[in-house]
1. For the stretch 43-60, enumerate the residues that are out of contact with any helix residue (DSSP H, G or I) (no Cβ under 7 Å at 6 or more places or on another chain) and either under 25 Å from residue 179 (Cβ atoms) or free of Cβ contacts under 8 Å to residues at least 24 places away in the same chain (or both).
2. Does residue 336 qualify as being outside the structural domain of residue 203 (by TED's automatic domain parsing), touching a residue at least 60 places away in the same chain (Cβ under 8 Å) and either more than 23 Å from residue 176 (Cα to Cα) or touching a strand residue (DSSP E or B) at 6+ places or on another chain (Cβ under 6 Å) (or both)?
3. Of (1) within 20 Å of residue 262 (Cα to Cα); (2) assigned to a loop (DSSP other than H, G, I, E, B), residue 57 satisfies all except one. Which?
4. Within the group 290, 220, which residue is assigned to a strand (DSSP E or B) and either at pLDDT 90 or above or assigned by TED's automatic domain parsing to the domain that holds residue 118 (or both)?
5. From 306, 236, which residue is outside the structural domain of residue 82 (by TED's automatic domain parsing) and either in a loop (DSSP other than H, G, I, E, B) or buried (at least 19 other Cβ atoms within 10 Å of the Cβ) (or both)?
6. Name the single residue that is surrounded by the most Cβ atoms within 10 Å (Cβ to Cβ) among those in the stretch 314-333 being out of contact with any strand residue (DSSP E or B) (no Cβ under 6 Å at 6 or more places or on another chain) and either assigned to a loop (DSSP other than H, G, I, E, B) or modelled with pLDDT under 80 (or both).
7. Name the helices (runs of 4 or more DSSP H) wholly inside the stretch 74-179 in which the number of residues that are assigned by TED's automatic domain parsing to the domain that holds residue 235 is 2 or more.
8. Sort through 243, 225, 274 and tell me the only one that's part of a helix (DSSP H, G or I) and in the same structural domain as residue 359 (by TED's automatic domain parsing).
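The values are calculated or read from the model by the stated rules, or taken from the named source; none is laboratory data. Keep in mind the model is a prediction, meaning the values are calculated, not measured. Virtual Cβ from ideal backbone geometry, glycine too; neighbours counted across all protein chains shown.
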């Protein structure tokens, strides 16, 4: 046990993006955003100003970790903080590591009486969070040029066949650079796994099952000569995939639903680019979670912020603003104009990504096995 504690404390000393100082006072909330730049913008430009307006005197400091590049260090820091009974310098986390922290017993779990807005969130999403709090959702979709593709693929097998029949016209970004590319990689790998195996990889670390990724990774490598460039190189991130679609370099690619709608609203995505959902299996998506570290110095402030984010006011901002995130509360509680866009969306049915540690391992396995001629 002592060796394990020493290892955690050593990891705690490794450089990290999170602030080391505790919150200055009970009305200062330290937020770690471990996601893409659109989520950083959501917080800094939309949610935080509205929260501060509704809760005078509060201040929210944002530490941004692009695409979760420092997730292992931040997990180690939060773990060490609990072991040493110190403040990790983080009051609340928005990122894929939230559910992993919950699984490890590292999150503060506020009671329903302290977070009354939780009652409006589907119980299945709450249960899946392992103590993390679902607050929005998104799905990865297949985008296509409707002037070139009359009948887009509707299943994964049909998509794989289309890619081979149309060399150079499909792309997806490097999985470590963004979730839309990761979703395609995981979906291909998942094609060769059982439902029980998927459930394990979505809920707990498992190195043994990762060996079964080999067939899917080989399938992905076999696509190198058919994807854009036809030389085993891929866009670096979600934004580059959107740009390749918008400029006509490709006719098809995987995109986040919220980022695609944001591009449409901004006028950077041509009207001829449409989206469709594939199945058997569907591309991954699902809820995003907030986590309140057990040793956070301002858990009360974090709880207040999390509860406010689940309010109709905040959910309307998430769903109806530039992000166009899928709300996690009933449509009946939303502005009717906002709710109309999600009338056919069942947030509880979206297919989940792997647990953060397994997802990180898949990104590394893809980088070793797939790119290159």
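1. Scanning the stretch 43-60 gives 43, 44, 45, 48, 49, 52, 53, 56.
2. No; evaluated as a whole, the condition is false for this residue.
3. Failing condition for residue 57: (1).
4. Working: 220 fails: assigned to a strand (DSSP E or B).
The match here is 290.
5. Details: 306 fails: outside the structural domain of residue 82 (by TED's automatic domain parsing).
When all the criteria are applied, what remains is 236.
6. We begin by selecting, within the stretch 314-333, every residue out of contact with any strand residue (DSSP E or B) (no Cβ under 6 Å at 6 or more places or on another chain); these are 314-317, 319-324, 327, 329-333.
Then drop every residue that is not either assigned to a loop (DSSP other than H, G, I, E, B) or modelled with pLDDT under 80 (or both), which leaves 321-324, 327, 329-330.
Numbers: 321: 19, 322: 18, 323: 24, 324: 22, 327: 27, 329: 23, 330: 14.
Applying the filter and picking the extreme gives 327.
7. On the way: elements: 97-103, 123-128, 156-165.
It comes to 156-165.
8. Details: 225 fails: part of a helix (DSSP H, G or I); 274 fails: part of a helix (DSSP H, G or I).
On inspection, the qualifying residue turns out to be 243.
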